[in-house]
Every structure is written in structure tokens, then in C-alpha cells.
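Visitor: Below is a structure I'd like to ask you about.
Nothing in this text is a laboratory measurement; each read-out follows from the coordinates by a stated rule. All of these numbers come straight from a predicted model, not from anything done at the bench. Cβ coordinates were reconstructed from backbone atoms using ideal geometry, including for glycine residues, and neighbour counts include every protein chain displayed.
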Amino acid sequence: MTNQYEVKMEIAGNTAMWTRPDTGDCPVSYPAPTYSAVKGVFESILWGPAVEIIPTKVEICSPLQYHNYQTNYCGPLRKSRVVKSGGGFQLLATVLINVCYRLYAEVSPVSKNSKGKLPASARRWDEKTTSPGHAYQAIFNRRLNRGQCFAVPFLGWKEFDPSYFGPFRTNTIIQHNICTVIPSMLREVFSKGYASDVAFSFDRNVAIKNGVLVFSRKKVSHAE
């Protein structure tokens, strides 16, 4: 019997930003969420350190519409003199609007190497649960159907909250005319497991075929 269990959901919203790191100070969105973004959406419904969410696929279910977005940034990346003055700077970005995606992932127990880093409560839950992946799947589906979440999911940037998240809707249509290749796509920021240090990783030549992006299961490259 497999120890991996599928979870899936649909999410839609007015605005999304899946930031391409190579676009600098005026960031541009990828056409679809990254591996880590999909993982974060699932974990926002139900999070648990004793299981690993493995994103497998994204289906793009609305036409790609890019839009210029402007906001005043007041975060920690400002120059020290600007921080002292209490000022900000105008951030320009190219975002997506009127988005809809179907997201897929598999759930499995965390690796043996990661179990030593788990909190005591997570270790106790893991020891008492004969099939952590199956338990997560059942709880996740129950919460999704009820509209419950661990934290409100968002579409890339936290200010972009969804207009819908939940089970698949019958009127949702995959955009089969969307076909492209992304030369380099951010995969994960913390790619070495639970409670790891920052370790950027990227997928190369990511293909979106007939509106579907399938995430690679192969070992990915790490940024220096």
C-alpha cells in the first residue's frame, strides 16, 4: 500500500503575484504558482510538521492577463536613511488579474532525517498515527469542504487574498491554449526539509502544456 495520498483544491482571486526572482526591483509574475507557493496554499488549509506536502501539478483555469501594479513599500529592505525618515518608495510590479487554478499535491510522512527536528507534539502525533498521510488527507478534505483554514491562503503576496478556495467547481475550465516554457522557475526557498536554513532551488525549462504545469520529481539545482 502506498504511503502517499493525493490532495487537491481550487483557488481563484482578483490579483496574483508569483514573483520571478530574476526580474529585480520591478518584479514580474510567473504565469502559474511556484512549487513552494502551491505547498504554502495547501499548508494554509492544514499544516503539520509530521507530514510533507509534495506539489505535483497546477492547472491554469483562466486566461493569462497581466496588469501593472503600484504600491508604496515600507518594509525592511528600504535604505537606512529612508527608514529613519519614516518614508517609503513606490514599488512597481507586473501582476496577474482574474486568476483561477486547480492545485494538486501528494502527502507523505516526513523523511527520517527531518523527524529529529520535529516538535515534541508532532513526534507524539507521528508515533501514534499508523498512516500520517492518510490522516492528513482526511482532515484536509474535511476542512476544505467546510471552508476552514489554518491561515487564510493568499495568491503569492499576502495582500492578494482569494475570492474562492475550496473543492473543484463544475464550471471551471482548463485553458488548453496556454503553452509555454519557463527557462528557470523558483522551486523552493527552504528546500532541505523542515526547519532547514535558506537553500534556494530552481527547476529548469518548466513546460506548461495545454494549460497544465507538472512539477518535476527529479533532483533540482541549488543557487550558489
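Visitor: Can you list the aspartates and glutamates whose alpha carbon is less than 14 Å from that of Lys79, not counting same-chain residues fewer than 8 positions off?
Guide: By straight Cα distance, Lys79 reaches Asp25.
Visitor: Which whole-Hz couplings ³J(HN,Hα) result when phi for each residue of region 169-182 is put into the Karplus expression 6.51 cos²θ - 1.76 cosθ + 1.60, θ = phi - 60°, listed in order with x for Gly and Pro?
Guide: Karplus values, whole Hz, x for Gly and Pro: 9, 5, 8, 7, 10, 5, 7, 5, 7, 8, 9, 7, 10, 9.
Visitor: So which cysteines of the chain have no other cysteine's Cβ under 4.7 Å from theirs?
Guide: Cysteines of the chain left without a disulfide-compatible partner: Cys26, Cys74, Cys149, Cys179.
Visitor: Where both partners of a DSSP beta bridge lie in the chain, what percent of those bridges are antiparallel, to the nearest 5? Each step should come with its number before you reach the end.
Guide: Working: 46 of 48 bridges.
So the antiparallel bridges amount to about 95 percent of the total.
Visitor: Would you calculate the convex hull of the Cα atoms in the chain and tell me its volume per residue in Å³?
Guide: Dividing the Cα hull volume of the chain by its residues yields 156 Å³.
Visitor: Can you give the local net charge around Tyr164? Use residues other than it whose beta-carbon is closer than 14 angstrom to its beta-carbon, Lys and Arg +1, Asp and Glu -1. Can you show the working numbers first?
Guide: Details: positive: Arg102, Arg169; negative: Glu10, Asp161.
Summing Lys/Arg as +1 and Asp/Glu as -1 gives 0.
Visitor: For the residue pair Lys158 and Glu6, what label-to-label distance in nm results when each label sits 7 Å from Cα along the Cα-to-beta-carbon direction?
Guide: 3.4
Visitor: Hey, what do the phi angles of region 203-211 turn into as Karplus ³J(HN,Hα) couplings, whole Hz, using 6.51/-1.76/1.60 and θ = phi - 60°, x for Gly and Pro?
Guide: 9, 9, 6, 7, 9, 10, 10, 6, x
Visitor: Looking at the chain as a GNM with Cα springs under 10 Å, which of Thr56, Thr180, Thr94 has the largest mean-square fluctuation?
Guide: It is Thr180.
Visitor: Springs between alpha-carbon atoms under 10 Å, Gaussian network over the chain: tell me which of Val83, Val38, Val214 tops the mean-square fluctuations.
Guide: Maximum among the listed residues: Val83.
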